[in-house]
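These notes concern the structure reproduced below.
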Amino acid sequence: MSSPMLDMECRVCGERQVELFLDLGAQPHCNRLIPPALAQVAEPKFPLRAGFCRACTLVQIDHTIPKESMFRDYPYVSGTTRTLVEHFRDSAARLVRRYGLGPDDLVVDIGSNDGTWLKQYRPFGLRTLGVEPAGNVAALATEAGVETLNRFFNAETADVILAGPGRARLVTAAGVFFHLEELHSVVEGVARLLTPDGTFCVQAIYLGGMVENTAFDQIYHEHLCYYTLRSLEELFGRHGLAVHDVGLVPVHGGSLEVHVGFPGAHPVSDAVLAMRAEEERRGYGRIETYRAFAENVQALGRDLRALLERLRAEGRRVHAYGAPAKGATLLNAFGIGPDLVECAVERNPLKFDTLIPGARIPIVDEAATPRPDAYLMLAWNFLDEFLARERAYLEGGGQFIVPVPRLRVIGAADLAPTDTAR
Ligand SMILES: [Zn+2]
């Protein structure tokens with residue numbers, strides 16, 4: 001059996017061998033929340049389709065919304081999430097130790113957002129420079145004292161940095177590496193910028209984790225590519241760089257962290273060999289794996305809709321808990337609207353009184369909204385934080401509907417004994 005080929009050149013290898021395996025329909029740009037004034041106006045929708053390259057194994061979407069329209073102002077500010085701040089603090093300390101970085105060394109962060117990661121290098125006295133295309137968050141970083149270039153990172157930007165602060169012993173990119181439209185120019189820029197013994201540390205959502213957890217809601221227009229170790233090695237190899245270490249980090253529901261440098265500059269760790277073998281064993285280089293993933297997505301959609309329809313028939317009220325970008329993918333892929341989920345509660349005032357794109361579910365102030373019978377947990381990657389925060393709600397009979405990694409309903413009985421004993 002073969003699926004249709006997407007009309008595109010692979011974003012890594014350039015071959016026209018990208019086979020469609022998951023079609024999530026026409027979807028709006030998921031980070032463009034709809035303000036009340038535009039509630040009656042239909043927003044533009046774009047195809048959201050994922051394909052697998054038979055030549056280099058990269059998983060990618062075919063439709064590119066131009067980066068200038070996507071990232072001019074970006075509503076996601078990393079410093080607002082406690083889990084992420086802790087994650088960046090640990091990562092910074094680990095990288096400084098591992099590579100023996102000192103006060104003369106420069107660290108460059110690509111897609112530096114509000115400077116949350118770079119701030120974590122302050123105790124070590126390193127020189128830092130952020131590169132952030134979204135003007136509003138770049139300004140936040142500058143105000144917080146984190147030197148930031150407000151532009152896209154690419155080969156040209158690397159030359160600007162070389163002419164100023166000079167070469168970097170560490171270049172980092174967290175959570176941006178799947179956004180990059182100019183992928184090859186970015187990697188070329190990193191290769192120019194690194195010292196001969198330098199390291200590029202990339203954190204990206206791991207395709208393996210998405211497959212194992214049916215986390216298809218990580219697929220949205222901002223994310224052009226979905227990586228395995230193998231597909232990243234294909235990419236870096238084209239620019240004279242090689243992976244020397246790899247690991248999984250517990251953020252965004254499982255991310256891949258790879259360390260890349262010039263071949264021979266660092267010994268290749270056993271973890272690299274082990275992960276290559278594990279990916280081979282799990283079939284991440286074969287289309288059949290992704291067809292099975294797509295079938296799991298369809299089954300999840302049927303089960304989740306059936307559950308929400310049953311709750312509605314019983315007269316029970318369901319709200320979404322949070323309105324993250326990934327939530328829009330899930331709601332729109334499964335045709336879930338305000339008839340099944342009345343509203344989405346949020347703590348970020350910037351989102352109040354807007355509508356979730358496509359699904360048109362109103363986003364409201366959590367503090368001013370009576371509790372429903374159940375919450376649909378769209379930001380499932382922060383589930384542990386939410387379970388701790390909402391223990392009283394669950395003990396009072398409330399429920400969490402968690403769609404990923406498998407559909408389940410969590411109530412007071414499911415709280416760990418140490419949680420309920422207090
Ligand atoms: Zn390819």
Q) Using +1 on the beta carbon of Lys and Arg, -1 on that of Asp and Glu, and nothing else charged, what's the dipole of region 151-237 about the Cα centre, debye to 20? A) 320 debye
**Q.** Loop trypsin sites (Lys or Arg not before Pro), region 283-374, which have at most 11 other Cβ atoms in a 10 Å radius of their Cβ (DSSP)
**A.** Arg347
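Just flag the chymotrypsin sites (Phe, Trp or Tyr not before Pro) in region 211-309 sitting in loop per DSSP whose Cβ has no more than 11 other Cβ atoms within 10 Å. Please report the intermediate quantities before stating the final value.
On the way: sites: Phe216, Tyr220, Tyr226, Tyr227, Phe236, Tyr284, Tyr290, Phe293; in loops: Tyr220, Tyr284.
Passing both the DSSP loop test and the Cβ count: no residue.
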**Q.** Ordering of 259-272, 169-182 by packing [mean C-beta count within 10 Å, highest first]
**A.** 169-182, 259-272
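Extension gain Glu395-Glu9, at 0.36 nm per residue separation less the Cα-Cα distance, in nm? Walk me through the numbers before you get to the answer.
On the way: separation 386, 0.36 × 386 = 138.96 nm, distance 5.25 nm.
So the extension gain works out to 133.7 nm.
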Q.
Probe of 1.4 angstrom, ligands and nucleic acids ignored: what's the accessible area per residue over the chain, in square angstrom?
A. 41 Å²
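Which percent, to the nearest 5, of DSSP beta bridges fully inside region 303-420 are antiparallel? Kindly include the intermediate steps, with their values, before the conclusion.
On the way: 4 of 16 bridges.
If we restrict to bridges inside region 303-420, about 25 percent are antiparallel.
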Q. At a 1.4 Å probe, what is the % contribution of carbon and sulfur to the accessible area of the chain?
A. 52 percent
Q) Got a sec? Charge dipole of region 128-221, +1 on Cβ for Lys and Arg, -1 for Asp and Glu; which of Ala141, Ala215, Gly198 is way out at the positive end? A) Gly198
Q: Average the reciprocal distances over every distinct pair of alpha-carbons in region 326-400, invert the result, and give the Kirkwood radius in Å.
A: 13.1 Å
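Looking only at region 71-282, where both bridge partners belong to it, what percent of the DSSP beta bridges are antiparallel (to the nearest 5)?
Numbers: 13 of 31 bridges.
DSSP beta bridges in region 71-282 are roughly 40 percent antiparallel.
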Q) Along the Cα-to-Cβ line of His63, 7 Å from the Cα, sits a label point; which residues in region 4-41 have backbone N less than 11 Å from it? A) 24-30
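Using the Cα centre as the reference, give the magnitude of the dipole from point charges on the C-beta atoms of the chain (Lys, Arg: +1; Asp, Glu: -1; all else neutral), rounded to the nearest 20 debye. Intermediate results must be reported in sequence, preceding the final value.
On the way: 43 positive and 53 negative charges, 84 e Å.
Around 400 debye, computed over the chain.
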Q) Does anyone have the angle between helix 287-313 and the longest principal axis of the chain? Alpha-carbon axes, 0 to 90°, nearest 10? A) 30 degrees
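For region 71-282, what relative contact order do you get, as a whole percent, if you take Cα pairs closer than 8 Å and at least 6 residues apart? It would help to have the intermediate numbers written out before the result.
On the way: 387 pairs, mean separation 32.5, N = 212.
Once normalised by length, the contact order is 15 percent.
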Q: Give me the percent of Cα-Cα pairs in region 287-371 that sit more than 23 Å apart, rounded to a whole number.
A: 29 percent
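Could you tell me what fraction of 2.2 N^0.38 Å the Cα radius of gyration of region 71-282 comes to, as a two-decimal ratio?
Details: Rg = 16.1 Å, N = 212, 2.2 N^0.38 = 16.8 Å.
Dividing the Cα Rg of region 71-282 by 2.2 N^0.38 Å gives 0.96.
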Q) How big is the shadow of the Cα convex hull of the chain, averaged over all directions, in nm²? A) 21.5 nm²
Q) Can you give the calculated 222 nm mean residue ellipticity of the chain, where each DSSP H run of n ≥ 4 adds -39,500 (n - 2.57) and the sum is split over every residue, rounded to the nearest 500 deg cm²/dmol? A) -9500 deg cm²/dmol
Q: Go through Ala55, Leu33, Cys10 and say which Cα lies farthest out towards the positive end of the charge dipole of region 3-63; charges sit on Cβ, +1 for Lys and Arg, -1 for Asp and Glu.
A: Leu33
Q: Please report, in debye to the nearest 20, how large the charge dipole of region 80-187 is about its Cα centre when each Lys and Arg carries +1 at its beta carbon and each Asp and Glu carries -1 there.
A: 520 debye
**Q.** Most to least packed among 402-414, 118-130 [average Cβ atoms within 10 Å]
**A.** 118-130, 402-414
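FRET efficiency for Leu273 and Ala416, Cβ-Cβ distance as r, R0 = 41 Å, nearest 0.05? Kindly include the intermediate steps, with their values, before the conclusion.
Values: r = 36 Å, r/R0 = 0.88.
That pair, Leu273 with Ala416, gives E of 0.70.
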Q) What number comes out for the charge environment of Arg310, summing +1 per Lys or Arg and -1 per Asp or Glu over other residues with Cβ under 14 Å away? A) 0
Q: Give me the angle, in degrees from 0 to 90, between the Cα long axis of helix 82-99 and the longest principal axis of the Cα atoms of the chain, rounded to the nearest 10.
A: 20 degrees
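Where both partners of a DSSP beta bridge lie in the chain, what percent of those bridges are antiparallel, to the nearest 5?
On the way: 32 of 62 bridges.
Around 50 percent of the beta bridges assigned by DSSP in the chain are antiparallel ones.
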Q: Provide the solvent-accessible area of Glu385, counting protein heavy atoms only and rolling a 1.4 Å probe, rounded to the nearest 10 Å².
A: 40 Å²
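The values are calculated or read from the model by the stated rules, or taken from the named source; none is laboratory data. Here the structure is a predicted model, which means the values were calculated and not measured. Note: ideal-geometry Cβ built from the backbone for every residue, glycine included; neighbour counts use all protein chains shown. For accessibility, only protein heavy atoms count, side chains too; no ligands or nucleic acids. Shrake-Rupley method; radii C 1.70, N 1.55, O 1.52, S 1.80 Å.
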